[in-house]
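Asks: Quick one: the structure is below, questions incoming.
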Amino acid sequence: MEILFFIFMVLCIINLCFPKFGWYLRYGWIMQGETEPSKSYMTMVRMSSLFMLLIAFTLAMA
């Protein structure tokens, strides 16, 4: 269980710091040419990653 928690935390931190990387893995490789995610998508991804980190820390402390 601790290994899964660690993997989840690492993925959330990567997504929080580098949201374009997650976008590229999910959508970017399909697109042809110079495409980038919108600012609202980047904000949404960062906020959801931060929210998930807070939930994970709360559950870890309980």
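The values are calculated or read from the model by the stated rules, or taken from the named source; none is laboratory data. Just so it is clear, the structure is predicted and the values come from calculations on it, not from any experiment. For neighbour counting, all protein chains shown are included, and Cβ atoms are generated from backbone atoms with ideal geometry for every residue, glycine included. These accessible areas exclude ligands, DNA and RNA; they are computed on the full protein's heavy atoms, side chains included. Shrake-Rupley method; radii C 1.70, N 1.55, O 1.52, S 1.80 Å.
Asks: Could you tell me the calculated FRET efficiency between PHE21 and MET61, based on Cβ-Cβ distance and R0 = 35 angstrom, to the nearest 0.05?
Replies: The value I calculate is 0.80.
Asks: Additional query: Rounded to a whole number, what % of the accessible area of the chain do carbon and sulfur atoms account for, probe 1.4 Å?
Replies: 74 percent
Asks: If you don't mind, there's one more thing I want to ask. What is the angle, in °, between the Cα long axis of helix 39-61 and the longest principal axis of the Cα atoms in the chain? Nearest 10 is fine, range 0 to 90.
Replies: 10 degrees
Asks: When the convex hull of the Cα atoms of the chain is projected onto a plane and the area is averaged over all directions, what value comes out in nm²? If you can, show how the numbers build up before the last one.
Replies: Working: hull surface 18.5 nm².
Across all orientations, the chain yields a mean hull projection of 4.6 nm².
Asks: Over the chain, give the accessible area per residue in Å² for a 1.4 Å probe, as an integer.
Replies: 86 Å²
Asks: Label ILE14 and MET1 with points 7 Å out from Cα along Cα→Cβ: what is the distance between them in nm?
Replies: 2.5 nm
Asks: Sticking with this one: What is the helix-to-structure angle for 2-17, meaning the angle in degrees between its Cα long axis and the longest Cα principal axis of the chain, kept from 0 to 90 and rounded to the nearest 10?
Replies: 40 degrees
Asks: Continuing with the same structure: How large is the helix-only mean residue ellipticity at 222 nm for the chain, computed as the sum of -39500 (n - 2.57) over DSSP H runs with n ≥ 4, divided by its residue count, in deg cm²/dmol to the nearest 500?
Replies: Mean residue ellipticity, 222 nm, calculated: -23000 deg cm²/dmol.
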